[in-house]
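Encoded as structure tokens, the structure appears first; notes follow it.
The values are calculated or read from the model by the stated rules, or taken from the named source; none is laboratory data. Note that the structure is predicted; figures quoted are calculated from it, not measured. Ideal geometry is used to build each Cβ from the backbone, glycine not excepted, and the neighbour counts take in all protein chains shown. Only protein heavy atoms, including side chains, enter the accessible area calculation; ligands, DNA and RNA are left aside. Shrake-Rupley method; radii C 1.70, N 1.55, O 1.52, S 1.80 Å.
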Amino acid sequence: VMIRGVKSVTPVPLRTTRAGTIGILYVESVSMSAAFTDDDLPLLDGIASQASILLDNAALVAQVQREVETRASLSRFLSQAAVEEVLSGRLKVNMSGQAAEVTVLCADIRGFTTMSSQMPPEEVVRFLNAFFGEAVDAVERHGGMVDKFIGDCVMAVWGSLNSREDDARKAIAAALEMVERAHKIRVNGELLEVGVGINTGPAVVGAIGASRRQDYTAIGSTVNLSARLCGIAEAGQVLVTSDTLMRAGPGVIHEASEAVMLKGIDVPIVPYLVRALTQPLQLGQVAGRK
């Protein structure tokens, strides 16, 4: 103040209904002492009021733009429901990476190579999109997140964002529904058939890729085993591991297959073929039975 020779100042607060006081309108004079009086306040208040509205509107526009960009970015990785959870603050996404117990579902079309080689490209795209549409609906209806599409395969994950006790059970329910939904689609007069593999275990989840192209995904041996089970599943089969079966709880009608050696897996794996999923009995129902 001394160096600049300020002789008179009047600060007026910048107030908004939405955010309260957001700043100060500062007026000074270097030529006159007592340059401002109470008579100047209405004019300064009017200027401050207009400035506050402009600044608040600019902040709102910036906030909306950030939300649009965040929504677009998250929509590449997450379902619409999960995006809304993140934007509301009820769900956190750690893009830098973290360890999590996940249930991974891999499903692909049986006989796709043969079918696609006998069809025009636009027909291949049509029935692939029809299958993926049904698969995504089944996954999201049971609380899963579609991770990626690879050729005719869809990969979905439960537990990468927030782990729940019934993740494995929901994944099995989604798989059985996916098999049924695939039968809605006919290719060359034949029902579309899919095979599904599910595994539960530890994985690393996060935004993985290059700076210009990333996917929020899960990686690790848990994912690999799910893909290997999918590879040996026959048409209409849902194969799960013992880890998934154990976490799914009662009511999973299944049968064990012979142990198999799978590519990239060091130990024999016993696949369990899921036939159906029933509601588990309640404690009261069990106690009341004779």
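Helix 167-182: angle to the longest alpha-carbon principal axis of the chain, degrees 0 to 90, nearest 10?
With rounding to tens, the tilt is 70 degrees.
For residue 163 and residue 246 in one chain, what is 0.36 nm times their gap in residues minus the Cα-Cα distance, to one decimal in nm? Working shown, then result.
On the way: separation 83, 0.36 × 83 = 29.88 nm, distance 1.59 nm.
The residue 163-residue 246 span can extend by a further 28.3 nm.
Quick check on the chain: helices-only [θ] at 222 nm, where DSSP H runs of length 4 and up contribute -39,500 (n - 2.57) each and the sum goes over total residues. Nearest 500, please. Write down the numbers at each step before the final one.
Working: 8 runs with 112 residues, N = 290.
Taking each H run of at least 4 residues, the total per residue is -12500 deg cm²/dmol.
So, by mean Cβ neighbours within 10 angstrom, what's the order for 8-14, 35-41 with the highest one leading? Don't jump to the answer; show the numbers that get you there.
Numbers: 8-14: 15.4, 35-41: 11.0.
Those peptides, ordered most packed to least, come out 8-14, 35-41.
From the residues 269, 25, 113, which one has its Cα farthest along the dipole of the chain in the positive direction, the dipole being from +1 and -1 charges on Cβ of Lys/Arg and Asp/Glu about the Cα centre?
Toward the positive end, the furthest listed residue is 269.
Among 171, 207, 156, whose mean-square fluctuation peaks in a Gaussian network model of the chain (Cα, cutoff 10 Å)?
Sorting by GNM fluctuation, first place goes to 207.
For helix 121-141, report the angle its Cα long axis makes with the longest principal axis of the Cα atoms of the chain; keep it between 0 and 90° and round to the nearest 10°.
Computed tilt is about 80 degrees.
Helix 221-232 versus the longest principal axis of the chain: what angle, 0 to 90°, nearest 10, using Cα atoms?
Between helix and principal axis, roughly 40 degrees.
How far is it, in nm, from the label point at residue 141 to the one at residue 37 when both lie 7 Å from their Cα along the line to the Cβ?
For residue 141 paired with residue 37, the spin-label model returns 7.8 nm.
Let me confirm the definition first: pairs of Lys residues in the chain, 8 or more apart or on different chains, C-alpha distance under 26 Å. How many are there?
Working: 92/148; 92/170; 148/170; 148/184; 148/263; 170/184.
The result is 6.
I'd like the isolated cysteines in the chain, meaning no second cysteine's beta-carbon lies under 4.7 angstrom from theirs.
Those would be 153, since no other cysteine Cβ in the chain comes under 4.7 Å of theirs.
Mind running the shape call on the range 177-247? Use the C-alpha gyration tensor, a ≥ b ≥ c as the square roots of the eigenvalues: rounded below 1.5 for a/c, prolate if a/b tops b/c, oblate otherwise. Intermediate values should be presented prior to the final figure.
Numbers: a/c = 2.93, a/b = 1.44, b/c = 2.03.
Oblate, because a/c is 1.5 or more while a/b does not exceed b/c.
Per the 1.4 Å probe, what fraction of the accessible area of the chain, in percent, lies on carbon and sulfur atoms?
Working: 9190 of 16670 Å².
Carbon and sulfur: 55 percent of the exposed surface of the chain.
Mean-square fluctuation check for the chain, GNM, Cα pairs under 10 Å: which of 242, 221, 117 is largest?
Of the options given, 117 has the highest mean-square fluctuation.
Describe numerically, in nm with one decimal, the distance between label points set 7 Å from Cα along Cα→Cβ at residue 8 and at residue 62.
The modelled label-to-label distance comes out at 3.4 nm.
Could you work out how far apart the two model spin labels at residue 21 and residue 184 are, taking each label as a point 7 Å from the Cα in the direction of the beta carbon, and quote it in nm?
Roughly 5.9 nm, to one decimal.
Can you order the peptides 179-188, 143-152 by their average number of other Cβ atoms within 10 Å per residue, highest first?
Values: 179-188: 16.1, 143-152: 18.2.
Ranking the peptides 179-188, 143-152 by packing returns 143-152, 179-188.
Determine which residues of the range 213-241 fall in the zone a paramagnetic label at residue 266 would reach in this model, i.e. backbone nitrogen under 18 Å from the point 7 Å along Cα→Cβ.
Counting backbone N atoms under 18 Å from the label point, the list is 220-226.
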